[in-house]
Each structure stands twice: as C-alpha cells, then as structure tokens.
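Here is the structure we will look at.
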Amino acid sequence: MTFDLTMRDTPALEARDRRAAALGHIDAASLAAAQDLLRGAKRMLGAFATAFGVYGLSPGRYGVLMALDVQRPSMAPSEIADRLGVTRATVTGLIDGLVRDGLVAHAPEGADRRRKAIALTAKGEALLGAVVPEIFRRMADLTAPLSEDERRTLVRLMGKVEDGLAQTHAAQTHAAEPQEARP
C-alpha cells in the first residue's frame, strides 16, 4: 500500500468559497482543522504501513494478530470484526491470508466443535514478538515531542473528534434506515 505524501494541501477552502451558496455555512476554520488532521493521519498511516510492510503485514493483518494476542486463547471471526470495527467480510479476507502464511489457525471453540475460532500460531506469536516493540516505539515517538499536558490535551481533543464521528455515523445510519409507512 502506498500513500502520496507530497500533497501539502487540498483545495477544500477554495472549493467551499466557489460554492458559497451551497457550502457557505461550513466554517472555514473547522474545514482547515479537519484538513490538517486528515493530512497528519495520512502521513502517520503511510509511515506505519511502511513499518508493517517490512514484516509482511498490513495495518489490518496487524490488527487481527493484536486482537488475538490480547484475547487468548482464541476469538471467533465475528468478535475480531467487532473489536476492529470492520466488516466480517474484511476479517475473513485477512484471516484467510494469515492462515495461508501460517500466522493463525482455525481452532474449535468450546463445546460446540462446529463453531470455529481463530488462534495465533507459534509463528504468529514469534512475529508479534518482533513487530510489537518496533511499532510501539514508533507510536511513542509520535507524541514524544509533546509535553505531558499537551499529550493529555491531544487525547481529550481526539476523544471529542471521535465522539463527533460517532454522532455523524449514527445520524447517517438513522437516515439510511427505511422509513415506516404511515397510514
């Protein structure tokens, strides 16, 4: 996966101004802040995708391995999907590749031997042993230039952004639901 990191700005403010009649109500400062946030997120994702690639992983494959590492001894694919916030189809594709690479295996879950779960293999555990220190170091390096107060502020502000995303998602989900017929 590659990311174009050379693009400094997108023309969102100019596009907003050109369509003032339809978009003039959108706050320019909010739009600029969102652009900065998205640009930073894009650069971080690119850097992490490169780091994962060294180990033959993608962010999604790493997420599945980490979910299994935390939730031992195994998890159902649906639980992995819920934990990662992705579709079951996405997780199925990730699991198929991880099984092919010998990093995870299908395992019977509990008394119902028909229900399958996914578990880390020794090879998967060994890979995480190599990857996790590098990734966690990179994560810590992201906020190392910030003071403790700045890190707390960042976490608080990101929480507010996530809350806004959740509200937007809920509103979009509600709007997409079929309306009941009224007599």
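The values are calculated or read from the model by the stated rules, or taken from the named source; none is laboratory data. Just so we're clear, the structure is a prediction, and the values are computed from it rather than from any experiment. With ideal geometry, Cβ positions are generated from the backbone for all residues, glycine too; neighbour counts draw on all protein chains shown. Side chains are part of the model used for accessible areas, which takes the heavy atoms of the whole protein and leaves out ligands, DNA and RNA. Shrake-Rupley method; radii C 1.70, N 1.55, O 1.52, S 1.80 Å.
Within region 39-82, being of a type in the set (S, T, N, Q) and part of a helix (DSSP H, G or I) holds for 50, 78.
When we screen 47, 67 for residues that are modelled with pLDDT under 95 and either crowded, with 16+ Cβ neighbours inside 10 Å or closer than 18 Å to residue 136 by Cβ (or both), the only hit is 47. Scanning region 141-153 for residues that are of a type outside the set (D, E, K, R) and within 24 Å of residue 51 (Cα to Cα), we see that the one that is most open to solvent (accessible area, probe 1.4 Å) is 145. Annotation note: Cβ proximity below 8 Å between a residue of region 152-172 that is touching a residue at least 12 places away in the same chain (Cβ under 8 Å) and a residue that is surrounded by 10 or more Cβ atoms within 10 Å (Cβ to Cβ) (sequence gap 6+ or interchain) occurs for 161/37. All conditions but one from (1) open to solvent by 60 Å² or more (accessible area, probe 1.4 Å); (2) closer than 30 Å to residue 38 by Cα; (3) modelled with pLDDT under 95 apply to residue 178; the one that does not is (2).
Looking at 21, 41, 28, 15, just one residue is closer than 30 Å to residue 130 by Cα and free of Cβ contacts under 8 Å to residues at least 24 places away in the same chain, and that residue is 41.
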